[in-house]
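Q: Take this structure first; my questions come after.
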Amino acid sequence: MSDFGERRRTRRSRLHLMNEIATPIAAAPLDPDQCYRAIEAKDARFDGRFFVCVSTTGIYCRPVCPARVPKRQHCSFVPSAAAAEAAGFRSCLRCRPETAPGTPAWAGTAATVSRALRLIEEGALDEGRLEDLAARLGLGERQLRRLFLAHVGAGPQAVAANRRLLTAKQLISDTRMPLADVAFAAGYQSLRRFNDAIRTAYGVAPTDIRRASETQAGTAIRIRLGYRPPFDFDSVLAYLSSRALPGVERIETGRYARNFDIGGARGFLTVTPAASGHALEARVTMLDASATALPIRALAARLRRLFDLDAEPGAIAAAFARDPLIGPRLKRMPGLRVPGAFDGFELAVRAVLGQQISVKGATTIAGRIVAKFGEPAATGEEGLTHFFPTAARLARADLSGLGLTGARIATLQSLARAVASGALDFTPRESLDAKIAELTALPGIGEWTAHYIALRALGEPDAFPSSDLGLRKAAGDGEPISTAALEALSERWRPWRSYAALALWTT
């Protein structure tokens with residue numbers, strides 16, 4: 001009787017906490033009946049839009065979980081995995097919520113929350129303080145907490161803990177990394193905290209999860225990157241292909257490959273469509289077997305930004321459905337994404353090189369810079385011969401004789417010095433306008449270059465280089481309209497102007 005009573009009290013406490021957490025979510029309240037119908041149908045279109053928490057088991061699942069559908073009275077629904085974790089539920093070992101695609105709630109319906117989530121994904125709260133994160137976003141701690149409760153259903157610290165936990169779970173299941181390396185790659189500061197978190201969340205030790213996984217041993221580390229369909233991977237590759245950095249990136253049909261150097265951890269990776277489900281699969285090979293600080297979270301965050309995997313194509317398409325200029329273009333290109341950048345400094349250099357010359361010309365000069373100043377890389381992969389030169393090296397490099405004008409050389413070196421000194425980075429500011437102002441303060445970087453960098457390197461969904469000749473021609477049906485006219489026209493496309501730009505560029 002006492003055990004039964006304890007279980008009943010636990011179920012009541014979970015449901016009470018769920019109500020407390022779900023109450024602040026005013027932006028997009030979940031309809032429990034609709035959610036339950038979705039999990040009954042195991043409708044993949046709802047995967048990642050919400051999670052179901054089962055009071056009888058203490059587990060939360062994705063709507064597509066293959067397990068038997070629980071009874072309606074035992075289910076409650078939350079918009080994010082972090083909200084489920086904060087309510088005391090642990091993630092399902094069968095449907096693996098850590099592989100669910102990004103959602104509007106997770107990405108944040110407010111620009112500030114979206115920027116904060118990106119910084120958390122990159123490890124801002126693994127060692128840093130919440131007040132420092134809030135200061136980077138230009139607001140106070142309490143206000144940041146309120147925004148997170150309103151848009152995500154859990155506080156920033158709970159979100160960060162959830163991301164560490166789910167990253168660790170994926171690395172345990174999908175790689176052969178030593179568990180000590182898994183702990184630090186996921187963002188835990190000690191093995192004890194890692195072991196305690198896994199035991200608390202899953203009820204078993206990390207070694208038990210590893211033993212139960214079906215992953216085969218191998219030299220490459222696999223990272224599964226979920227997305228919400230539709231997703232036109234081929235069109236993203238086509239866009240990136242003509243702009244690929246010679247010696248650093250190689251793009252072929254259905255495959256992206258590149259070298260990387262993140263904080264001294266060097267290797268190369270390939271990205272292809274996953275064998276099943278709506279996901280890409282990255283295979284990472286480290287070039288230094290002794291490297292212990294494997295930047296898994298940073299790699300995953302960069303790849304998600306590169307392929308725009310956190311986009312919500314349904315919401316974007318709906319926003320443009322009645323627009324006479326963008327709507328028909330999106331219908332012809334379902335799954336349109338904004339190709340991002342793996343590295344912000346690389347993209348910024350490429351943007352400066354592309355000022356007033358062709359894509360092919362800029363790519364040629366970029367190849368000369370890589371060959372002359374990049375460090376050789378022995379990857380064994382055809383075409384991957386160099387690492388991109390660091391900002392510190394380009395800041396003191398002699399760039400003459402490469403086909404660059406004196407003004408362009410001055411801009412590149414000013415950019416490189418700002419990045420090398422830490423005066424400029426490629427993380428979002430409190431607003432798009434603030435980041436544009438920061439970029440245009442550098443000599444030789446105007447509005448077009450700044451918006452292009454924000455659009456691709458930062459993943460800003462509302463960046464829009466309105467002075468671009470291609471955009472002005474497309475908007476004028478072949479006859480370029482003025483920059484002011486395009487800027488006025490673009491007001492109706494907010495906050496998705498980046499997608500409008502891609503629709504105009506690619507058609």
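Rule-based calculations on the coordinates, nothing more; no lab input. As the structure is a computational prediction, the values presented were derived from the model and not from experiment. Reconstructed Cβ throughout: ideal geometry from the backbone, glycine too, with neighbour counts over all protein chains shown.
Q: Taking the Cα centre of the chain as the origin, how large is its charge dipole in debye, to the nearest 20, when only Lys and Arg (+1) and Asp and Glu (-1) carry charge on their Cβ atoms?
A: 1200 debye
Q: State, to one decimal in nm, how far the label point of Glu131 lies from the label point of Arg68, with both points 7 Å from Cα in the Cβ direction.
A: Reported label-point gap for Glu131 and Arg68 is 5.3 nm.
Q: Which value in nm describes the separation of the simple spin-label points at Gln157 and Ser482, placed 7 Å from the Cα toward the beta carbon?
A: Those two pseudo-labels are separated by 5.5 nm.
Q: From the phi of every residue in the stretch 48-63, what ³J(HN,Hα) in whole Hz does the Karplus formula 6.51 cos²θ - 1.76 cosθ + 1.60 yield, where θ is phi - 60° and glycine or proline is x?
A: x, 6, 7, 10, 9, 9, 9, 5, 6, 10, x, 10, 10, 9, 7, x
Q: Let me ask another. Per-residue ellipticity at 222 nm for the chain, helices alone: DSSP H runs ≥ 4 residues times -39500 (n - 2.57), over residue total, nearest 500 deg cm²/dmol?
A: Calculated from helices alone, the mean residue ellipticity at 222 nm is -14000 deg cm²/dmol.
Q: Next question, about the same structure. Over the chain, calculate the relative contact order: mean separation of alpha carbon pairs under 8 Å at least 6 apart, over the residue count, as a percent.
A: Across the chain, relative contact order equals 11 percent.
Q: I would also like to ask the following. Give the order of Ser242, Ser173 when sorted by the count of other beta carbons within 10 angstrom, beginning with the fewest.
A: Ascending number of Cβ neighbours within 10 Å: Ser242, Ser173.
Q: Run the numbers for Gln356 and Trp505: contour at 0.36 nm per residue of separation, minus the present Cα-Cα distance, in nm.
A: Additional length available on full extension: 52.0 nm.
Q: If a paramagnetic tag sat 7 Å from the Cα of Ser431 along the Cα-Cβ line, which residues of the stretch 461-477 would have the backbone N under 17 Å from that point?
A: 461-464
Q: Which of the trypsin sites (Lys or Arg not before Pro) across the stretch 257-346 are loop residues per DSSP, with 15 or fewer other Cβ within 10 Å?
A: When the trypsin sites (Lys or Arg not before Pro) of the stretch 257-346 are filtered for loop state and at most 15 Cβ neighbours within 10 Å, Arg322 remain.
Q: With r defined as the distance between the Cβ atoms of Asp398 and Asp288 and R0 fixed at 30 Å, what FRET efficiency is calculated, to the nearest 0.05?
A: Given R0 = 30 Å and the Cβ-Cβ separation, E is 0.50.
Q: How far, in degrees from 0 to 90, does helix 497-506 lean away from the longest principal axis of the Cα atoms of the chain, to the nearest 10?
A: Roughly 60 degrees between the two axes.
Q: Mind listing the phi-derived Karplus ³J(HN,Hα) values for the stretch 481-491, rounded to whole Hz, using 6.51, -1.76 and 1.60 with θ = phi - 60°, and x for any glycine or proline?
A: Running phi through 6.51 cos²θ - 1.76 cosθ + 1.60 with θ = phi - 60° gives 8, 6, 4, 5, 5, 5, 4, 5, 4, 6, 4 Hz.
Q: Evaluate E = 1/(1 + (r/R0)^6) for Glu491 and Ser235, where r is the Cβ-Cβ distance and R0 equals 30 Å; express this FRET efficiency to the nearest 0.05.
A: 0.70
Q: Put a dot 7 Å past each Cα toward the Cβ at Gln143 and Ser421; how far apart are the dots in nm?
A: 2.9 nm
Q: Identify unpaired cysteines across the chain, taking unpaired to mean no other cysteine Cβ lies under 4.7 Å from the residue's Cβ.
A: Cysteines of the chain left without a disulfide-compatible partner: Cys35, Cys53, Cys75.
Q: Would you mind calculating the gained length between Ala44 and Ala371 on full extension (0.36 nm times residue separation, minus the Cα-Cα distance), in nm to one decimal?
A: 113.1 nm
Q: With r as the distance between the Cβ atoms of Glu381 and Arg332 and R0 = 56 Å, compute the FRET efficiency 1/(1 + (r/R0)^6) and round to 0.05.
A: FRET efficiency, Arg332 to Glu381: 0.95.
Q: Angle check, please: helix 141-151 long axis (alpha carbons) against the longest principal axis of the chain (alpha carbons), in degrees 0 to 90, nearest 10.
A: 80 degrees
Q: Among the lysines, which have Cα under 26 Å from the Cα of Lys169 when same-chain residues fewer than 8 positions away are ignored?
A: Correct list for Lys169: Lys42.
Q: While we're looking at this one, here's another question. If you fit an axis through the alpha-carbon atoms of helix 296-306 and take the longest principal axis of the Cα set of the chain, what angle between them do you get, 0 to 90°, nearest 10?
A: 60 degrees
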